Structure formats: structure tokens, C-alpha cells
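The values are calculated or read from the model by the stated rules, or taken from the named source; none is laboratory data. Computed from a prediction, not measured in an experiment: that's the story for all the values here. Here Cβ is always computed from backbone atoms with ideal geometry, including for glycine, and neighbour counts include all displayed protein chains.
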Amino acid sequence: MPNESPFQAILADAEFTFTARPEPVAGDLRMAWGISVLLLSVFYSRGKKASFQKLQFLAHAVRLKEGREEATGLIENRYRPLDVSVRVEPWLNRAVAFAHSMGLVSVNKGLTVGLTEQGVKAAEMIAADGDVLVDERVFLAKISPRLTDAIMKSVWHGEELL
Amino acid sequence: MSCMLRSLRLRALTPDGWYGAHLGFKDGLNVLWADNTMGKSTCIQGMIYVLGLERMLSPRREIPLPHAMTSYLTTDGGKNVRVMQSDISLEIENSAGVVITVHRPVLSSFDDRLITVSHGPSLTNPDDQFREQKFFVRDPGAAQREDGFHYFLEQFLGWQLPKVRGYEKDEVKLYLETVFPMFWVEQKSGWSSIPAAIPTYFRIKEVHKRAVEFILSLEAYEIERQREQLNERLNALTREWEIRWNDLGQHLGRSGARIESLSQRPTADGDSLSKGFISVATLAGWVPLDDHARALREKLADLDRQEVPTVASNAPAIEAKLAEISNFADELNRERLVIKQLNGIKRTDKEALERRIQTLKEDLTKNQDVQKLQRFSGVQWSLSPDRCPTCEQALGDTLLSQNALASVMPIEDNISYIKSELSMFEGILHRENEETKEREGKLAQLSRDINDAYYQIRTLRADLVAPGGSASASVIQEKVMTERRIKDFDDLQSAFDQVVTALEQLAETYRDTLKEKSELPDDELSDSDKAKIGKLSDLLRAQARQFGFSTFSPEELSISPDTYRPEKEGFEIGFETSASDAIRLKWAYQLALLETASSENTNHPGLLVFDEPRQQSSSRVSFEQLLKRASLSKRRGQQVIFSTSEDLSVLTEIISSLDCNRIIFQGHILQPLATAHG
């Protein structure tokens with residue numbers, strides 16, 4: 001075509017190279033986010049330890065506003081255990097694995113996760129900074145201590161259905 | 001601007017009768033000597049107390065005086081006697097030569113918040129009668145209300161304390177308690193800092209700077225305040241402008257018209273506003289209102305020229321016209337339907353866009369959190385390890401499986417990536433909103449035209465069934481309708497013109513405000529401020545040299561134009577100075593402020609009080625030089641009061657050659673008095 005755009009003419013003779021670009025990752029799939037949320041979840045739990053069931057539930061709930069609202073509704077009795085969505089977050093297990101290898105958490109018989117002395121220090125540091133993880137911290141500080149094993153059991157096992 | 005302390009009287013009534021002390025102060029250097037625990041602090045703190053300035057020492061509401069004035073006093077014989085009643089009086093003189101005497105009870109049946117002022121030297125001339133006035137201190141409002149003592153004292157000193165910015169309130173008065181430490185160095189905390197130990201619990205922003213600016217009467221604060229006021233005015237103008245613009249836009253939108261070429265934000269260029277105009281949605285697209293109105297007027301003129309036909313003569317034309325208008329109305333209805341459907345679709349699109357933007361914002365926050373969290377780390381841990389702590393393998397910064405991604409975008413890039421996505425979607429949303437507005441205008445125009453068409457159809461039909469001899473109503477109606485439209489557009493135009501006139505006025509104010517702002521000095525200090533700070537620096541250096549400052553060369557000292565603290569070649573002076581040099585620097589700074597007051601226009605009262613000037617930390621030579629320098633204050637008509645318990649033989653030797661007022665007490669300062677008036 002005679003009336004082609006001049007850009008096309010330039011492009012026609014140009015040499016092309018392709019470079020692989022690094023891929024963007026969602027903020028909540030970054031190490032620092034996951035590990036920090038893990039630390040805070042345990043930190044705000046009674047006795048500074050929490051079961052995997054509870055951590056999985058929190059990990060899923062804390063990510064989005066809707067999830068946080070459901071979990072809040074659950075402990076305020078606005079939702080029944082069957083109303084809230086649960087999911088096994090694959091990133092949570094990795095976060096536990098990394099935190100464990102760095103000496104921040106201890107895993108007891110594969111059932112519960114507790115904070116080491118270092119882990120408590122790290123969690124305190126994160127909790128003390130008012131600028132970081134604002135929504136997450138408010139949520140975890142409110143929910144973690146009130147989420148008992150009994151509630152977790154009824155959420156995961158769906159016993160009301162039986 | 002000056003203030004001199006003339007005379008001080010302390011009194012305490014005991015079962016043994018009245019005890020007390022009477023101290024006279026003179027111009028120039030006054031040296032008050034007594035041994036430790038003999039009552040020097042009682043005198044100096046008594047003066048702070050009588051002026052109601054105890055909150056300069058501490059926020060607590062207790063009387064800051066030793067037991068000699070509050071519970072028991074020790075006589076020279078070593079006997080302790082109970083104090084039943086006590087009070088303090090201080091005679092002061094201001095720059096106009098007016099003398100007042102301030103009385104305040106310490107232990108008494110009266111409220112200790114009450115201060116009585118005698119308008120005359122009632123200590124020096126106890127037999128004369130002077131008018132008395134009562135004031136209160138320490139209560140809220142003592143600095144602001146007319147019956148507050150600090151309000152009175154401020155007037156007496158010829159000061160006008162500025163309103164400054166606070167942490168909790170926008171405007172707080174710069175309290176006397178924050179200004180006095182600049183020339184009244186109290187023995188406990190007074191020596192700890194330069195420019196002064198100023199109480200911070202009044203919650204005043206940058207209180208140290210404000211106090212120095214006030215004492216030196218710098219224009220800097222005023223400039224800063226003006227700049228802020230101008231910015232506020234500009235913001236208010238912008239808000240008003242936008243409100244007017246938006247109101248006009250909505251008003252025009254309801255009639256299927258819109259604003260063209262009229263700046264949506266304030267502009268200093270008032271002339272450009274005359275380029276603004278209205279355009280109207282018509283079947284042929286957006287047309288300038290002037291053109292459209294002209295066309296309507298021509299049409300009206302045509303109609304006027306024609307004679308109104310009778311129904312019978314016009315019947316075929318009416319029928320043709322009826323068919324034409326009916327078709328036209330159908331056409332308009334179809335068009336309206338299309339736009340309405342489009343609006344429905346676009347509304348869903350817009351919601352989806354808004355949801356997307358919200359999600360992106362959440363992800364952005366998470367990414368920014370990650371960036372902050374990566375900076376948290378302990379000795380052995382970090383929240384984003386780049387190597388596996390167990391097997392040392394390199395790790396990508398993700399909690400996905402390590403094989404899932406070829407390479408992970410660094411967090412900084414990820415943040416700018418999300419930001420660019422956000423700005424793209426926000427751009428699209430903006431465009432959608434603009435298009436929606438455009439469609440709303442079009443809809444308004446269609447509704448208007450459809451109504452007109454139906455109205456025409458009704459009159460045309462009425463014509464057809466009317467008696468043949470009557471005048472054709474449809475022709476008359478068309479005329480009326482055209483007239484009405486012209487009038488509607490005229491109304492729009494006059495509403496538009498009114499807003500433009502208002503905007504022109506705003507533009508003028510805007511231009512003036514911008515001009516005023518540009519006339520403010522670029523940096524915070526004005527030329528005269530810089531001269532004062534320069535002078536202060538010179539005096540500071542000269543005295544540091546005289547007092548034997550040796551941590552580094554006194555020539556390297558200067559006063560920072562930002563913090564007004566001494567600095568060395570642009571660095572704040574911290575712990576590198578020796579304890580003795582820190583004291584020398586403090587002496588030099590406070591004396592330099594005093595000396596600056598004699599040649600520059602400042603708010604300094606020409607008074608300096610040093611309570612226990614820490615000469616032990618320095619050397620005898622330095623102390624001698626300090627007193628020597630201070631004694632020069634007499635020539636300048638200023639006053640310096642030193643209270644010290646330096647070895648008397650050393651002190652006597654130093655001051656023997658100096659022109660100064662010696663106030664020396666060999667025993668306790670409080671001694672039995674013959675009468676209550678001492």
C-alpha cells in the first residue's frame with residue numbers, strides 16, 4: 001500500500017530482538033508478605049502457637065476484604081461455620097518451611113506452629129510498625145486470639161452437615 | 001524592649017516572728033553569692049514563681065520552692081522553725097520606665113493562683129500607696145484573657161506573642177513559659193541545651209525555633225506563616241472555582257448543552273475566560289450556542305414574515321408536516337433507545353473497571369508492604385531470603401513453587417508495573433466518564449426534541465379537526481415554540497455569563513495571590529534576618545574565643561539558619577565537645593543573644609539570669625572572662641544576674657576589679673525581720 005504509516009516503514013527494516021522479562025508476582029505471593037502474615041497469625045494467637053488448620057483458614061481469609069469480613073462474621077456469629085469459604089493455600093506451607101529453616105518458627109509434630117525467640121522478636125518488630133500490613137494486622141489482632149480449635153474443627157469438618 | 005528586675009522580697013511568718021530577705025538589683029552585672037543550701041535557689045526560683053512561670057520548670061502543678069518557703073526554715077543557729085505563712089514580691093521596670101510590684105502568696109489562706117500587682121515601686125517605697133490589680137495564673141486562659149497575669153505581663157513587657165502552629169491545634173499562643181528560658185537559665189535543666197531548655201508539653205511545633213525567632217524578632221516565622229496563608233487562600237480559590245464550574249456544567253447538561261474552552265481549574269489569565277462558550281447538542285452534533293440561536297432567530301423572522309394561513313388553505317401542508325414530524329419523532333425515539341441501551345452496557349463496564357482498579361490498589365499496597373518488610377531484618381534472619389537457609393540454593397522471591405516462574409520481577413519493578421497498570425485503567429475510566437457525560441447531554445437534547453415533536457403533532461392534529469376558517473394553530477405554535485427556545489438559550493447564556501464574570505474576579509484574586517506569593521523571599525530568612533543571625537554568629541565566635549573554647553577552632557562556629565543552633569561547618573555540634581566547652585558554648589550563646597539585642601531590633605528583654613552557671617565544669621580563667629564580659633551589659637543598659645556558690649575568695653578576687661553589684665550572704669538568706677515590711 002502506498003499510504004502506509006511511516007512507522008510501518010521504519011519497523012519493516014528494523015532488527016528485532018526478544019528478551020525474557022521477569023514476571024510480576026502478586027504481593028501476597030511474595031516471601032516477605034507470606035512470612036510476615038504467618039508470623040503475625042501465630043503471634044496474635046493464644047500461647048503464641050497455632051494449628052495448621054487455623055493458619056490455613058487465616059491465610060485464605062486475610063488476603064481479601066471479603067475473606068476478612070467472613071471470618072469476622074464467623075466469630076461474631078453472623079455467619080455459620082458452613083457459610084465461610086475455606087481453601088488450602090499452597091503458599092502457607094512454603095512460608096512455614098522457610099520461616100522454620102530461618103529459625104523463626106517451630107513446628108510441633110506437624111500439627112502446630114509456634115514462634116521461636118527470634119520469631120517473637122521479628123513479629124514484634126512488624127507489629128510495632130504502624131505503616132505496614134495495616135488491614136492485615138488489624139484483622140489478625142482481632143481474629144487470631146478468638147479462633148479456637150473448636151471453631152476451626154467445625155469449619156473444616158463441616159460437622160453440621162452430618 | 002527591656003525589662004529590669006529591681007527588687008525582690010521573700011517573707012515567711014514563723015512562730016518566732018517574720019523571717020525574710022530583701023534583695024536589690026541594679027543595672028549591669030549582679031552577682032548573688034551564698035553558700036550551698038543557704039537559699040540562693042529560693043531566691044531565683046522565687047522570682048520564677050512570683051511571675052507565675054513555674055510551668056517553665058515542670059508541667060506539675062506544685063509550688064517549685066524549697067521547704068524554707070513552704071514548710072520549715074533553718075535559722076543560722078541551726079534550729080528548724082515552722083513556716084505558717086509566706087509570700088514573695090518582685091519589683092520590675094519596663095522599657096518605658098514604668099515600675100510595678102508583683103505579689104504572690106506561697107503559703108497562705110489565699111489561693112496561690114492569685115497574683116496582685118501594685119502599680120508602683122511598693123518594695124522600694126513601702127509607705128506610698130499604689131493602685132492594686134488582681135490577676136490569676138496557671139489556669140487556662142492566663143495567657144489570653146485580660147484578667148490573666150501572663151496577658152498583663154506580655155503587655156507590660158511590650159511583647160506581642162505570636163500564634164504558632166501546634167500538634168493538636170492549628171494555632172497556639174507561644175506561651176511566656178517557652179520564651180523565658182531564652183534568657184533565664186534555670187539551674188536544674190536550664191544548662192542542658194542550646195538554644196534553651198524549652199518545655200515541649202505545650203505541644204507547639206518546632207517550639208525551639210519559634211522561641212528564637214520571637215526573641216530575635218525574625219521575620220522568618222512571619223514569612224512562613226504568610227506562605228501558608230497564601231497557600232490556603234489558593235486552595236480555597238481552587239475549590240470555589242471548581243464548584244462554580246461544575247454547577248454550571250450540570251445546569252447546562254440538563255438542557256443538552258455543555259461548557260467549551262473554559263478552564264476547569266483556576267487560571268491567572270483572566271482574558272482567556274472570554275474564549276469560553278456554550279455548545280448545544282443538536283441533530284447535527286454539538287453546535288456553538290451563538291450559531292444555533294442565530295439560526296433559530298432567522299427561522300423566527302421567516303415565520304413572522306409569513307401570514308398565518310387558515311386551516312382550510314393549509315390542510316395538505318399540515319398533513320404533510322404531520323407525517324414528517326411523526327417520522328422524525330420515531331427516529332428520535334429509536335436514537336434515544338440506542339443510547340439508553342449503550343448506557344446500560346457502559347454502566348456494567350464502568351463497574352468492572354472500578355473493581356479492577358480497586359483490586360490493583362490492594363495489590364499495590366501489598367507490594368509496598370513487601371518492600372517495607374524486606375528492610376526488616378535481624379542478625380540471622382530476613383523476611384525474604386535470597387538463598388535457601390538449608391541447602392544454599394538461590395531462591396526466587398515468591399511463595400509459588402520455585403519452578404513456576406522463569407524469573408521473578410524485583411519488587412521495585414513490580415510496584416512501578418502495578419502503578420502503570422493502575423494509571424492505564426484510571427485513564428480508561430476517565431475517558432468512559434467523559435463519554436457518559438457526552439451521552440447524557442445527547443439524551444437531554446433528544447428528550448427536549450421529542451417533547452417538541454409530540455407537542456407539534458398534537459397541534460397539527462388539532463388543526464386538522466378544527467373549522468376550516470380558523471387560523472392554523474400549528475403555525476402559531478411553531479412560532480411560539482421557537483421563541484421559547486430562543487429564550488431558554490438566552491437564559492443559559494446569561495447564567496454562563498454570570499459564572500464567567502465571577503470566574504474573572506476569581507482569576508484576578510488568583511493572580512494577585514500568586515504575585516504576593518512570588519514576592520516572598522525564596523528561602524525562609526529575610527535579609528534582615530540573615531543580618532541578625534550573622535551578628536549572632538560573630539558574637540558567639542568572639543565569646544567562645546574569649547572563654548577559651550578549645551574542642552575546635554572557634555572560627556569554625558556559626559549559627560545554623562535552619563535550627564538556630566550552633567554548628568560547625570554545617571554539622572550540628574553534638575557529643576564531640578568536652579563538658580567544659582559545652583558550658584562555654586551555652587554561656588556564649590545566651591550572652592550573644594543579649595548582646596545582639598543592643599544593636600538589632602529584637603524582642604529580647606535585655607535581661608539575663610544565670611542560676612549556678614556551672615563554673616566548676618569550666619576553668620577559673622573562663623569564669624573570670626564570663627563575668628568580665630557580662631559586666632559590660634551595664635554600658636548597654638542591660639542587666640545580668642548571676643547566682644553562684646563559687647569559692648568566695650576566688651569570686652571576690654575576680655569581681656573586685658569589675659563594675660558589678662555584689663549581693664553576698666554569709667549565712668542563711670532568710671533572716672529575722674524587725675517588722676512584716678522588712
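Below are the figures for this structure:
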read-out	value
Residue list for region B:73-112, restricted to those being among the charged types (D, E, K, R) and either out of contact with any Ser or Thr (no Cβ under 9 Å at 6 or more places or on another chain) or within 18 Å of B:Phe665 (Cβ to Cβ) (or both)	B:Asp76, B:Lys79, B:Asp111, B:Asp112
Top-ranked residue in region B:184-222 [being of a type in the set (D, E, K, R) and surrounded by fewer than 20 Cβ atoms within 10 Å (Cβ to Cβ); ranked as nearest to B:Thr42 (Cα to Cα)]	B:Lys188
Residue within region B:486-504 that is of a type outside the set (A, V, I, L, M) and more than 23 Å from B:Arg297 (Cβ to Cβ) present	yes
Tally of residues being in a loop (DSSP other than H, G, I, E, B) and either crowded, with 24+ Cβ neighbours inside 10 Å or polar (S, T, N, Q) (or both) across region B:569-603	5
Among (1) facing chain A (nearest Cβ under 9 Å); (2) touching a Gly at 6+ places or on another chain (Cβ under 8 Å); (3) part of a helix (DSSP H, G or I) - the single one B:Lys437 does not satisfy	(1)
Matching option when the condition is within 20 Å of B:Glu438 (Cβ to Cβ), out of contact with any strand residue (DSSP E or B) (no Cβ under 9 Å at 6 or more places or on another chain), hydroxyl-bearing (Ser, Thr, Tyr) and at pLDDT below 90, among B:Thr348, B:Thr282	B:Thr282
Residues within region B:117-153 that are hydroxyl-bearing (Ser, Thr, Tyr) and either more than 17 Å from B:Arg6 (Cβ to Cβ) or in contact with a Gly (Cβ under 9 Å, 6 or more places away or on another chain) (or both), tallied	2
Conditions (1) in a helix (DSSP H, G or I); (2) surrounded by fewer than 14 Cβ atoms within 10 Å (Cβ to Cβ); number of the one not met by B:Phe623	(2)
Residue within region B:545-554 that is surrounded by fewer than 19 Cβ atoms within 10 Å (Cβ to Cβ), without any contact (Cβ under 8 Å) to a residue 12 or more places away in the chain and either in contact with a helix residue (DSSP H, G or I) (Cβ under 8 Å, 6 or more places away or on another chain) or not in a loop (DSSP other than H, G, I, E, B) (or both) present	yes
Residue among B:Thr359, B:Thr398 that alone is of a type in the set (Ser, Thr, Tyr) and assigned to a helix (DSSP H, G or I)	B:Thr359
Of residues in region A:17-59 being of a type in the set (Val, Ile, Thr) and within 14 Å of chain B (Cβ to nearest Cβ), the one farthest from the chain's Cα centre (by Cα)	A:Thr19
Residues of region B:200-221 classified as more than 20 Å from B:Ala592 (Cβ to Cβ) and assigned to a loop (DSSP other than H, G, I, E, B), total	6
Among (1) closer than 22 Å to A:Leu64 by Cα; (2) away from every other protein chain (no Cβ under 14 Å); (3) free of Cβ contacts under 8 Å to residues at least 40 places away in the same chain, the one test that A:Ala150 misses	(1)
Subset of region A:93-117 that is within 27 Å of B:Glu362 (Cα to Cα) and within 8 Å of chain B (Cβ to nearest Cβ) - its residue that is farthest from the chain's Cα centre (by Cα)	A:Phe98
Pairs with Cβ under 7 Å, 6+ apart, first in region B:52-69 and among the aromatic types (Phe, Trp, Tyr) and assigned to a loop (DSSP other than H, G, I, E, B), second at pLDDT below 85 and surrounded by 23 or more Cβ atoms within 10 Å (Cβ to Cβ)	none
Residue in region B:510-527 that is under 25 Å from B:Glu206 (Cα atoms), modelled with pLDDT of 90 or more and either assigned to a helix (DSSP H, G or I) or in contact with a strand residue (DSSP E or B) (Cβ under 7 Å, 6 or more places away or on another chain) (or both) present	no
Leading residue by the ranking (nearest to B:Leu13 (Cα to Cα)) among those in region B:82-97 that are acidic (Asp, Glu) and buried (at least 22 other Cβ atoms within 10 Å of the Cβ)	B:Asp87
Subset of region B:382-417 that is within 7 Å of chain A (Cβ to nearest Cβ) and among the hydroxyl-bearing types (Ser, Thr, Tyr) - its residue that is farthest from A:Glu89 (Cα to Cα)	B:Tyr417
Near pairs, Cβ below 8 angstrom, 6+ apart or cross-chain, from region A:118-138 (more than 7 Å from every other protein chain (Cβ to nearest Cβ) and free of Cβ contacts under 8 Å to residues at least 40 places away in the same chain) to any residue that is of a type in the set (Phe, Trp, Tyr) and buried (at least 16 other Cβ atoms within 10 Å of the Cβ)	A:Asp129/B:Phe376
Residue match in region B:435-446 (condition: in contact with a helix residue (DSSP H, G or I) (Cβ under 6 Å, 6 or more places away or on another chain), loosely packed, with under 15 Cβ neighbours inside 10 Å and within 26 Å of B:Leu300 (Cα to Cα))	no
Residue check for B:Leu429: assigned to a helix (DSSP H, G or I), at pLDDT 90 or above and either within 8 Å of chain A (Cβ to nearest Cβ) or in contact with a Pro (Cβ under 8 Å, 6 or more places away or on another chain) (or both)	no
Single residue of A:Glu66, A:Glu89 found to be within 14 Å of another protein chain (Cβ to nearest Cβ), of a type in the set (Asp, Glu) and touching a residue at least 12 places away in the same chain (Cβ under 8 Å)	A:Glu89
Failed criterion for B:Arg387 (all others in (1) modelled with pLDDT under 85; (2) within 47 Å of the chain's Cα centre (by Cα) hold)	(2)
Members of region A:51-70 that are under 18 Å from A:Gly27 (Cα atoms), among the aliphatic types (A, V, I, L, M) and crowded, with 18+ Cβ neighbours inside 10 Å	A:Leu58, A:Ala59, A:Ala61, A:Val62
Wholly enclosed helices (runs of 4 or more DSSP H) of region A:43-115 bearing at least 2 residues of a type in the set (D, E, K, R)	A:52-63, A:65-75
Number of the condition not met by A:Asp13 [criteria: (1) of a type in the set (Asp, Glu); (2) more than 11 Å from chain B (Cβ to nearest Cβ); (3) touching a residue at least 12 places away in the same chain (Cβ under 8 Å)]	(3)
Residue that is modelled with the lowest pLDDT, among those in region B:285-301 that are assigned to a strand (DSSP E or B) and touching a strand residue (DSSP E or B) at 6+ places or on another chain (Cβ under 7 Å)	B:Trp286
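Condition check ((1) more than 30 Å from B:Val280 (Cβ to Cβ); (2) within 43 Å of the chain's Cα centre (by Cα)) across all residues:
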position: B:Glu392; (1), (2): yes, no
position: B:Asn414; (1), (2): yes, yes
position: B:Met424; (1), (2): yes, yes
position: B:Lys437; (1), (2): no, yes
position: B:Thr459; (1), (2): no, no
position: B:Leu464; (1), (2): yes, no
